[in-house]
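What follows is a single structure, written as structure tokens, with notes after it.
The values are calculated or read from the model by the stated rules, or taken from the named source; none is laboratory data. None of the values given here were measured: they were computed from a predicted structure. Heads up, the Cβs are rebuilt from the backbone with ideal geometry, glycines too, and the neighbour counts pull from every protein chain shown. Only protein heavy atoms, including side chains, enter the accessible area calculation; ligands, DNA and RNA are left aside. Shrake-Rupley method; radii C 1.70, N 1.55, O 1.52, S 1.80 Å.
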Amino acid sequence: MSLFKKIINKEIPAHILYEDEEVFAFLDISQTTKGHTLIIPKVETKNFLETDSQLIGKMFKVTQQLAKKIEENLGATGFNVLTNMNEVAGQTVFHFHIHLIPRYDENDTLKIEFSSNELDLNEIKTMILKNQD
Ligand code: AMP
């Protein structure tokens, strides 16, 4: 059984922020920034691509509701909303989860940097869309 399934089953303690029949949310133990929250499905599913899209929609609705509460009650001024998919992207727990990471200022404790590459956008677009009906 996955770590997160044990949290859902209350076999491992967590600071639960939300729970319904399908979706569960709790504070990330690492608190990358204050209020860092994980939103997960109750069903055991490995990652973003393997999760039912309607369920992802429900998870994002909960993510938005919690973001509003964190903005209002913790004073966050922005958020990063992300999911790591597979080892190459830094996934360590293989039960799908959305990270909701509140931001307070540009010098807070999360650093995300997008590097820039000179690639042929036309070629990339053609490759992505090939075999499309
Ligand atoms: P990822 O690296 O995207 O798979 O994220 C897994 C997250 O789970 C990390 O941010 C961890 O800090 C978090 N985590 C691991 N164990 C626990 C736990 N017992 N309670 C809350 N969060 C946890």
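A few comments on the model shown:
- For the chain, the 222 nm mean residue ellipticity estimated from helices alone, with every DSSP H stretch of n ≥ 4 adding -39500 (n - 2.57) and the total spread over all residues, rounds to -8500 deg cm²/dmol.
- Its residues counted as N, region 9-55 yields a C-alpha radius of gyration over 2.2 N^0.38 Å of 1.23.
- Label-point separation, Leu74 to Glu106 (7 Å along Cα→Cβ), nm: 2.2 nm
- Full-stretch length increase - Asn86, Glu44 - with 0.36 nm per residue and alpha-carbon distance subtracted: 13.6 nm
- Stretch gain in nm, segment Ile16-Ser53, where the contour uses 0.36 nm per residue and the Cα spacing is subtracted: 10.9 nm
- Debye, to nearest 20: dipole size of region 3-129, +1 on Lys, Arg Cβ, -1 on Asp, Glu Cβ: 400 debye
- For region 58-112: rounded, prolate or oblate by the Cα gyration tensor [a/c cutoff 1.5]: oblate
- Principal axis analysis of the Cα atoms in the chain yields extents of 49, 37, 24 Å, listed in decreasing size.
- Residues in region 20-79 average 58 Å² of solvent-accessible surface per residue, probe 1.4 Å, ligands and nucleic acids excluded.
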